[in-house]
1. Using a Gaussian network model of chain A whose springs link C-alpha atoms within less than 10 Å, name the residue from A:26, A:172, A:67 with the highest mean-square fluctuation.
2. Say R0 is 25 Å: what FRET efficiency, to the nearest 0.05, do residue A:57 and residue A:136 get from their beta-carbon distance?
3. So what are region A:6-54's ellipsoid semi-axes, whole angstrom, largest first, if each one is the square root of 5 times an eigenvalue of the alpha-carbon gyration tensor?
4. Per DSSP H run of at least 4 residues, take -39500 (n - 2.57); add these up for chain B, divide by its residues and hand me the 222 nm value, nearest 500 deg cm²/dmol.
5. Only residues of region A:27-59 count here: report those whose backbone N is under 14 Å from the spot 7 Å along Cα→Cβ of residue A:5, or say none.
6. Tell me, in nm to one decimal, what length is gained between residue B:37 and residue B:199 on full extension, where the rule is 0.36 nm per residue of separation less the Cα-Cα distance?
7. What share of the DSSP beta bridges in region B:2-76 is antiparallel, in percent to the nearest 5?
8. How far is helix B:227-239 tilted off the main Cα axis of chain B, in degrees rounded to 10, range 0 to 90?
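No lab work stands behind these numbers, since they all come straight from the coordinates. Predicted model, so just to flag it, every value in this text is computed and none were measured. Please note: Cβ atoms are built from the backbone with ideal geometry, for glycine as well, and neighbour counts cover all protein chains shown.
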């Protein structure tokens, strides 16, 4: 792969296992890093070693950070009355990229799944119910994927939280910004039409 | 090898970075798997939700290969049920049970036709009876059919009120006598007497659940009945 060097081959092999990379792009990345050893490779190695040692799940919300409580939960400026329930850490990071939500999160770590035999006890649902009660949450926003498993999970959570007194809301479903109707699938058009609002 | 047929999506499992292994239920080829290239992508993933109707072309070099599907959407069923807290778990339950109970590539035309009609009925009118009847057809097609036509004790066709948990045969109130407490209640809606109330449907699901658990599951190697069915029953119990 690299001309016979075993260590470099091993590095290429590890990088090629990352999502979005294959052997060819891993080779290019390794070559690029070796050429910029001081500026790129050494800091990358140090940062990776540090994150590998310190990364953990936030004990409150399930976000991944290098501290016991993640920056979102630790931020005193964020609203404490709203929790946004997401399926995965990647969804939390996507919500944060948008910057539209100023409350806190709860990461389930998956959805109820018939295929993978994932039940409520495998997800953080009991922990969410306890959190809503203890932290006197006024609104729970169900930001789960618009899939059969995602919405089945949302209904299950709604039932589990029914007697907590918290207001339950969910994300709207419909036409994405910049989307053209002609390219949308039937389901999205159906959902958009059902959720139409006064103009 | 190549064939083209419409099918119902039972599941789609991610395969590699961008593909999916899709499980379709078709009339002529039964429960049949195949790879959909690009199936995990933004454009294709919404089309592969459980319950969706697809026009699929399956190709493989040899019959024994998993092969690949080329798909065209016919219609989706899940989007209109997303807000329905009973019909959505029923759709999950139906797809999960088909995936659980059927052998691969074993055609079951009557079950396909019933499944097709039941999925179309979900969330509309008296769909709980349609779902219950579908579970009876599933039991029948997998070799564990119930006999609800006449009483196993007296032979009477009237007054049927129970099902024997051992034989799956109906028993009338008169025939049950002192054994009534040991029999499974038979809801009237399954005898064609009126629509199913949620509590009647729940009785019916407990009855079919008994046979799914005690007869079908052991025959499939003691695999547990999919949790999706239990969640549907729980949701219905909360609605009662």
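1. Comparing A:26, A:172, A:67 in the GNM, the peak value goes to A:26.
2. Efficiency, from the Cβ-Cβ distance: 0.60.
3. Square roots of five times the eigenvalues give 18, 14, 9 Å.
4. Mean residue ellipticity, 222 nm, calculated: -9500 deg cm²/dmol.
5. A:27-38, A:41-42, by backbone N distance to the label point.
6. This chain segment gains 53.9 nm when fully extended.
7. Around 95 percent antiparallel, to the nearest 5.
8. The helix B:227-239 is inclined about 50 degrees to chain B.
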